[in-house]
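A.B. asks: Have a look at this one before I ask anything.
What follows draws every value from the coordinates through simple rules; no lab data is involved. Note that the structure is a prediction, hence the values are computed from the model and not measured. Backbone-built Cβ (ideal geometry, glycine too); neighbour counts: all protein chains shown.
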Amino acid sequence: MAARKSTRKPNVSAEELKEYYREMLLIRRFEEKAGQLYGMGLIGGFCHLYIGQEAVVVGLEAATEEGDKRVTSYRDHGHMLACGMNPDGVMAELTGREGGYSKGKGGSMHMFSKEKHFYGGHGIVGAQVPIGAGLAFADKYKENGRVTFTYFGDGAANQGQVYETFNMAALWHLPVVFVIENNQYAMGTSQQRSTSTKDIFHRGEAFGIPGEIVDGMDVLAVKAAGEKAVAHCRAGKGPYILEVKTYRYRGHSMSDPAKYRTREEVQKVREERDPIEHVRELLLSGKHASEDDLKAIDKEIKQIVNKAADFSKESPEPALDELWTDIYA
Ligand SMILES: Cc1ncc(C[n+]2csc(CCOP(=O)(O)OP(=O)(O)O)c2C)c(N)n1
Ligand SMILES: [Mg+2]
């Protein structure tokens with residue numbers, strides 16, 4: 001595959017670059033496996049894959065420190081893996097098994113990890129945005145220097161609650177990075193058909209929130225932008241918006257007739273802008289890794305994903321009396 005040539009030299013070590021490759025590949029292979037398990041009937045209900053968008057979350061996670069928080073939408077498996085949650089527990093939640101993060105009762109869109117400061121997984125479009133500001137409010141109150149990453153899509157960016165949140169976050173100088181993962185589509189509606197402007201981050205200006213556009217297919221560009229945003233928040237200057245331009249390769253969810261875009265459009269991004277191929281190219285051309293090194297990483301990732309799939313099949317279904325636990329009654 002002819003990956004695009006990077007115009008910049010990587011400003012990270014070879015080890016870091018390899019780590020980003022590894023993490024992006026883990027997300028991609030995990031998602032491919034989830035797609036297979038779905039096809040086999042082992043996963044039911046909604047399931048939204050993150051394939052194509054891997055550089056966004058891997059780049060931003062590289063800009064975080066221990067204790068920083070994250071919250072996102074239903075397209076959340078990549079965020080969970082990138083913040084260090086266990087692939088076994090994530091996959092088992094997808095298959096609705098006891099060993100899953102929500103004991104098999106939440107599924108793809110409803111997983112959480114207090115340990116990794118991951119606050120979901122939200123199925124209501126835009127609902128995670130005020131939650132993210134709330135998390136940042138708590139940190140500001142505690143004066144603990146933590147920052148919250150609040151991810152949402154281009155479609156969600158047209159929800160009213162996003163702007164109520166922008167207002168409060170700016171008013172109270174909350175340490176929150178708003179990450180618009182602009183993958184150009186909201187289900188079958190292109191951004192062009194739903195959104196009055198080409199770029200969305202400008203909307204922050206009305207509230208005094210600075211922001212910028214980021215190439216979401218370049219993990220290094222994402223990391224650099226993330227570091228800038230985090231420094232802004234940690235310095236007590238309030239929220240920051242990153243509009244990360246990315247692309248989803250697969251359908252919106254598992255049932256998507258894909259009539260709203262051409263195969264050629266998808267193919268072109270895959271061939272010319274793939275985020276994993278980009279790092280692969282940087283590693284090889286910079287002689288930071290050999291083909292054999294990358295093969296070894298591929299093999300390691302395959303093992304992790306296969307193990308997660310086995311675990312998610314072997315873990316039992318939740319017992320019947322679990323129906324009455326973890327609920328408000
Ligand atoms: C309040 C609400 N309205 C509609 C839906 C149905 N819905 C689910 S995802 C989605 C599209 C959102 O697109 P975007 O924010 O761009 O995120 P992406 O799926 O591209 O990651 C819609 C309309 C919903 N879940 N919640
Ligand atoms: Mg979208």
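A.B. asks: Need the C-alpha centroid separation for the range 288-328 versus the range 203-249, integer Å.
C.D. replies: Taking the Cα centre of the range 203-249 as reference, the centre of the range 288-328 is 31 Å away.
A.B. asks: Sticking with this one: Could you calculate the FRET efficiency of residue 262 with residue 198 from 1/(1 + (r/R0)^6), where r is the beta carbon distance between them and R0 is 22 Å, rounded to 0.05?
C.D. replies: After rounding, the FRET efficiency stands at 0.60.
A.B. asks: Cα atoms only, the range 148-195: Rg and Dmax in Å?
C.D. replies: 11.9, 36
A.B. asks: Please report, in debye to the nearest 20, how large the charge dipole of the chain is about its Cα centre when each Lys and Arg carries +1 at its beta carbon and each Asp and Glu carries -1 there.
C.D. replies: Roughly 640 debye, rounded to the nearest 20.
A.B. asks: Pairs of Cα atoms under 8 Å, at least six residues apart: use those to get the relative contact order of the range 5-309, whole percent.
C.D. replies: 23 percent
A.B. asks: Around residue 134, under 11 Å between beta carbons, what's the net of Lys plus Arg minus Asp minus Glu among the other residues?
C.D. replies: Charge balance near residue 134 sits at +1.
A.B. asks: Given the range 177-219, what whole percent of its Cα pairs are spread farther than 13 Å?
C.D. replies: Value for the range 177-219 (Cα pairs over 13 Å): 61 percent.
A.B. asks: For a test of the definition: using alpha carbon positions, the gyration tensor, and the 1.5 limit on a/c, classify the range 197-329 as rounded, prolate or oblate.
C.D. replies: oblate
A.B. asks: Would you kindly calculate the translational diffusion coefficient of the range 253-322, applying Stokes-Einstein with the Kirkwood radius from alpha carbon pairs, for 10 °C and a viscosity of 1.306 mPa s, and quote it in µm² s⁻¹ without decimals?
C.D. replies: The diffusion coefficient I find is 98 µm²/s.
A.B. asks: Which pairs, out of 223/287; 18/116; 198/287; 223/302; 198/259, put more than 29 Å between their alpha-carbon atoms?
C.D. replies: Flagged as over cut-off: 198/287.
A.B. asks: For residue 124 and residue 167 in the same chain, what is the full-extension length gain: residue separation times 0.36 nm, less their Cα-Cα distance, in nm?
C.D. replies: Extending this stretch completely gives an extra 13.4 nm.
A.B. asks: Taking a cut-off of 27 Å, what percent of all Cα-Cα pairs in the range 5-309 are separated by more than that?
C.D. replies: Of the Cα pairs, 39 percent sit more than 27 Å apart.
A.B. asks: Then there's this: Which of the helices in the chain, when you take each full DSSP H run, stretch at least 30 Å along the axis at their Cα atoms and have an average Kyte-Doolittle score of -1.0 or higher?
C.D. replies: 14-39, 291-314
A.B. asks: Take the chain, connect every pair of alpha-carbon atoms lying under 10 Å apart with a spring to form a Gaussian network, then pick out the residue of 242, 17, 174 with the largest mean-square fluctuation.
C.D. replies: Among 242, 17, 174, the largest mean-square fluctuation in the Gaussian network model of the chain belongs to 17.
A.B. asks: What are the semi-axes of the equivalent ellipsoid of the range 1-139, taken as the square roots of 5 times the eigenvalues of the Cα gyration tensor, listed largest first and rounded to whole Å?
C.D. replies: 25, 21, 13
A.B. asks: Classify the range 202-246 from the C-alpha gyration tensor, please: rounded if a/c falls under 1.5, else prolate or oblate depending on whether a/b exceeds b/c.
C.D. replies: Cα axes put the range 202-246 in the oblate bin.
A.B. asks: Add -39500 (n - 2.57) for each DSSP H run of 4 or more in the chain, then divide by its residues: what number comes out at 222 nm, to the nearest 500 deg cm²/dmol?
C.D. replies: -13500 deg cm²/dmol
A.B. asks: Among all the lysines, which ones have a C-alpha under 16 Å from residue 228's C-alpha, if same-chain residues fewer than 8 places away are not counted?
C.D. replies: Partners within reach: 237.
A.B. asks: Most fluctuating residue of 279, 147, 12 in a GNM of the chain with Cα springs under 10 Å: which is it?
C.D. replies: Greatest mean-square fluctuation among the candidates belongs to 12.
A.B. asks: Long-range amide H contacts for residue 211: which residues qualify at under 5 Å (H placed 1.01 Å from N, peptide plane, sequence gap of 5 or more or a different chain)?
C.D. replies: 241
A.B. asks: Please state the shape class of the range 93-225: rounded when a/c is under 1.5, otherwise prolate if a/b exceeds b/c and oblate if not, all from the C-alpha gyration tensor.
C.D. replies: Oblate, because a/c is 1.5 or more while a/b does not exceed b/c.
A.B. asks: Another one. Rounded to the nearest 5, what % of the DSSP beta bridges within the range 5-309 are antiparallel ones?
C.D. replies: Once the DSSP bridges in the range 5-309 are tallied, antiparallel ones form about 10 percent.
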